[in-house]
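The values are calculated or read from the model by the stated rules, or taken from the named source; none is laboratory data. Quick caveat, the model's predicted, so the values are computed rather than measured. Note that we place each Cβ from the backbone using ideal geometry, even for glycine, and neighbour counts take in every protein chain shown.
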């Protein structure tokens with residue numbers, strides 16, 4: 001009788017061991033770990049200073065002008081209305097909304113004879129003004145951005161058009177209305 | 001417990017519960033460490049400061065967009081302070097006069113401008129200097145790109161003064 005009890009206990013222990021050994025690492029374990037990691041990650045993101053996470057962001061339809069200074073005037077023909085504009089990192093910067101304006105590229109110098117500052121047009125280079133329309137993320141304090149890239153007056157943008165690439169400066173922004181979309 | 005585990009769970013390996021406990025322990029230790037570091041850095045008093053700055057040779061469009069009361073933001077999107085009085089003048093450049101000596105000349109109107117102004121910011125006094133909440137040192141000579149809602153501008157800080165109460 002005692003031997004039978006001992007035997008059956010040993011059997012049970014054996015089955016427990018084998019079931020424990022078999023348990024291993026399954027999909028549920030992975031899911032639980034990922035869930036915990038996600039919770040920790042979200043908490044960290046939410047409290048990082050300046051993090052855009054959990055911040056409300058609206059969308060706005062904007063039109064902005066990029067100025068390319070000191071460019072050959074014939075390059076204007078490579079930028080056409082409707083062309084898609086991307087940044088060098090691949091961020092969407094919008095679509096060319098109007099024909100390219102070719103402006104004068106002024107050269108400023110000091111004339112020692114008259115002690116005046118003289119401004120004259122560069123003989124072979126021009127400034128290109130490209131108007132771009134974009135549905136951008138809009139933040140009450142941080143202004144407009146597209147895919148994380150800030151669009152602001154004074155900001156330099158590495159732009160890529162289908163037929164032209166160059167570094168320009170945003171010189172004006174106009175908000176045309178609220179775009180489609182909502183919270184980020 | 002160790003004995004019990006030794007008897008029943010020998011060779012059982014790590015389970016999800018074990019890993020969860022380990023992660024929680026690591027999180028607790030890290031949060032305590034972070035808290036200590038945070039307290040050490042920011043235990044000093046917060047002070048309202050007046051930061052004076054200059055912007056050299058900015059596009060004239062930038063100068064026309066800066067107005068007193070605008071929120072001034074850091075590159076990470078956090079708020080630095082509020083813009084005070086701003087003065088915009090045609091940008092200065094160095095030229096050579098008839099005698100070959102250096103002379104200051106100004107860019108024509110509506111081209112490039114120099115901007116000088118002040119902003120009020122809540123900074124943290126540490127070792128006689130001032131830091132932003134994010135730990136960025138703001139002192140004379142600091143060069144940083146700041147922005148308002150619609151304009152970007154690179155400033156050189158020319159002075160920081162705690163506001164007098």
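Being surrounded by 15 or more Cβ atoms within 10 Å (Cβ to Cβ) and closer than 17 Å to residue A:169 by Cβ is a property that residue A:129 has.
Among the residues of the range B:138-156, the ones that are out of contact with any helix residue (DSSP H, G or I) (no Cβ under 6 Å at 6 or more places or on another chain), within 12 Å of chain A (Cβ to nearest Cβ) and not in a strand (DSSP E or B) come to 2 in all.
Residue count for the range A:82-126 under the criterion of being within 30 Å of residue A:145 (Cα to Cα), in a strand (DSSP E or B) and in contact (Cβ under 8 Å) with a residue 40 or more places away in the chain: the result is 9. Before we move on, is residue A:144 surrounded by 17 or more Cβ atoms within 10 Å (Cβ to Cβ) and more than 31 Å from the chain's Cα centre (by Cα)? Considered against the rule, which asks whether it is surrounded by 17 or more Cβ atoms within 10 Å (Cβ to Cβ) and more than 31 Å from the chain's Cα centre (by Cα), residue A:144 comes out as no.
When residue B:25 is tested against the conditions (1) more than 10 Å from every other protein chain (Cβ to nearest Cβ); (2) at pLDDT below 80; (3) more than 30 Å from residue A:150 (Cβ to Cβ), the lone failure is (2). Can you find even one residue in the range B:157-164 that is modelled with pLDDT of 90 or more and either part of a loop (DSSP other than H, G, I, E, B) or within 14 Å of chain A (Cβ to nearest Cβ) (or both)? No, every residue in the range B:157-164 fails to be modelled with pLDDT of 90 or more and either part of a loop (DSSP other than H, G, I, E, B) or within 14 Å of chain A (Cβ to nearest Cβ) (or both).
Scoring residue B:155 on the criteria (1) farther than 30 Å from residue A:60 by Cα; (2) in contact (Cβ under 8 Å) with a residue 12 or more places away in the chain; (3) touching a strand residue (DSSP E or B) at 6+ places or on another chain (Cβ under 7 Å) leaves a single failure, condition (1).
Of all residues in the range B:113-137, those that are at pLDDT 90 or above, in a strand (DSSP E or B) and surrounded by fewer than 18 Cβ atoms within 10 Å (Cβ to Cβ) total 4. Of all residues in the range A:147-160, those satisfying the criterion of being assigned to a loop (DSSP other than H, G, I, E, B) and surrounded by fewer than 19 Cβ atoms within 10 Å (Cβ to Cβ) are A:147, A:148.
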